[in-house]
Amino acid sequence: MVHARTGVVQSPSGGALGAQLPLFRLGLGGTLSRGNQWLSWIGLDDTVGLLHHAVTRAEVVGALNVVSPNPVTNREYTRALAGCSAVPPCSPRRGGALRWCWDPSGRRNVVGQPTGLARRGTSGRLPVRHPTLEPALRNMLGRTLAPFG
């Protein structure tokens, strides 16, 4: 039996990325608070791949962190998303802007989630196609633009 724990799953069609993408495209996206909060993220395709691998392989048992092996700070996430959106980031955002965009549970996921390392995910040679954020975002958004800055 596998007990999966996912990070913030990235998909332009929903979740945190789906909520932030329109703001970034309008030039209203920015870091949240000081930007030093850690984000354990993973792309939707890698989430599906890791879960499929886990349920089809008898040797995968116990806890499984379904996250990228490379967590990022909110500042790094903002810079990568701004680069993929080809729009410079705005000044830092405070909690009020978050309440406008997300419900309280979504706010917790974006602002204060502890870092989940992929010790049992990618270190066991489980398939992760996009281990770093910016290439993963570019793949999801279908862009190959030069990064901002």
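Extending 7 Å from Cα along the Cβ direction at residue 38 and again at residue 52 yields two label points whose distance is 3.0 nm. With a simple spin-label model that places each label point 7 Å from the Cα along the Cα-to-Cβ direction, the separation between residue 11 and residue 132 comes to 2.6 nm. Annotation: extensible slack from residue 73 through residue 141 equals 22.4 nm (criterion: 0.36 nm per residue apart, minus Cα-Cα distance).
Just so you know, all these numbers are worked out from the coordinates, no wet-lab data involved. Note that the structure is predicted; figures quoted are calculated from it, not measured. A quick note on method: Cβ atoms are made from the backbone with ideal geometry, for glycine too, and the neighbour counts reach across all protein chains shown.
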